[in-house]
1. Residues of region 9-24 being out of contact with any helix residue (DSSP H, G or I) (no Cβ under 8 Å at 6 or more places or on another chain) and in contact (Cβ under 8 Å) with a residue 12 or more places away in the chain, which ones?
2. Only one of 198, 230 is outside the structural domain of residue 133 (by TED's automatic domain parsing) and touching a strand residue (DSSP E or B) at 6+ places or on another chain (Cβ under 8 Å). Can you tell me which?
3. Give the residue, chosen from 73, 123, 108, that is farther than 27 Å from residue 140 by Cα, surrounded by fewer than 23 Cβ atoms within 10 Å (Cβ to Cβ) and in contact (Cβ under 8 Å) with a residue 40 or more places away in the chain.
4. Scan 95, 45 and give me the residue that is over 25 Å from residue 148 (Cα atoms), more than 20 Å from the chain's Cα centre (by Cα) and either surrounded by 23 or more Cβ atoms within 10 Å (Cβ to Cβ) or in contact (Cβ under 8 Å) with a residue 12 or more places away in the chain (or both).
5. So residue 95 passes all but one of these: (1) assigned by TED's automatic domain parsing to the domain that holds residue 46; (2) more than 17 Å from residue 55 (Cα to Cα); (3) not in a helix (DSSP H, G or I). Which condition number does it fail?
């Protein structure tokens, strides 16, 4: 593949390293408007083997996706907190035959935790367990809670009728009693990402936890996703990749 990197920070550099190891070419690394103007990506409009991997910021992700769609370039997007525009992106995909692969977390291990979390939420609904969620990231992370935590929380709501909403934690006991799932977001140090779902009863406690040691797992998953969408049209997620 020929890969365009949209966002050339630490994640972009890690994706570049993994992509080159897997035999792909990086044709552009774009981190600002000047990079866009000088990248020459317009020359790759309608090219069959070009894909953009987008890890920028919540403020720029939606615009980056639109620019790629204008060029008929498939997008793999790992940026979160732009999902209020999702319906517009979906409509363009359907009408124009565009391609988007998006995920709040591209780690294979984290996506296994997503599956386990849904099962835990479903089973504990039958018993007297109180659920809560904690996520910890490095101090540089902009969104709070993380997109991964939002995904975990939304999956709990979809699979456990005791909870009808989630909020950043204040009074966990009162929130749980009101049917609100408490979510704690911690920003400290240089953690790559720790997510823990806790289910507690009067008898015991269950902890489901995932910790990323580096950016390598996210970068590898993103490149595998880019390989997966070659020749495909539509919207895809990690569920499509893992179930293929």
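1. Those that are out of contact with any helix residue (DSSP H, G or I) (no Cβ under 8 Å at 6 or more places or on another chain) and in contact (Cβ under 8 Å) with a residue 12 or more places away in the chain: 9, 10, 12, 16.
2. Unique residue meeting the criteria: 230.
3. 73
4. Numbers: 95 fails: either surrounded by 23 or more Cβ atoms within 10 Å (Cβ to Cβ) or in contact (Cβ under 8 Å) with a residue 12 or more places away in the chain (or both).
The unique qualifying residue is 45.
5. Among (1) assigned by TED's automatic domain parsing to the domain that holds residue 46; (2) more than 17 Å from residue 55 (Cα to Cα); (3) not in a helix (DSSP H, G or I), residue 95 violates only (3).
Here is a yes/no grid of residues against (1) surrounded by fewer than 16 Cβ atoms within 10 Å (Cβ to Cβ); (2) in the same structural domain as residue 114 (by TED's automatic domain parsing); (3) assigned to a strand (DSSP E or B):
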| residue | (1), (2), (3) |
| --- | --- |
| 131 | no, yes, yes |
| 145 | no, yes, no |
| 149 | no, yes, no |
| 161 | yes, yes, no |
| 183 | no, yes, yes |
| 192 | no, yes, no |
| 203 | yes, yes, no |
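The values are calculated or read from the model by the stated rules, or taken from the named source; none is laboratory data. All values reported here derive from a predicted model rather than from experimental measurement. Cβ sites come from the backbone with ideal geometry, for glycine too, and all protein chains shown count toward neighbours.
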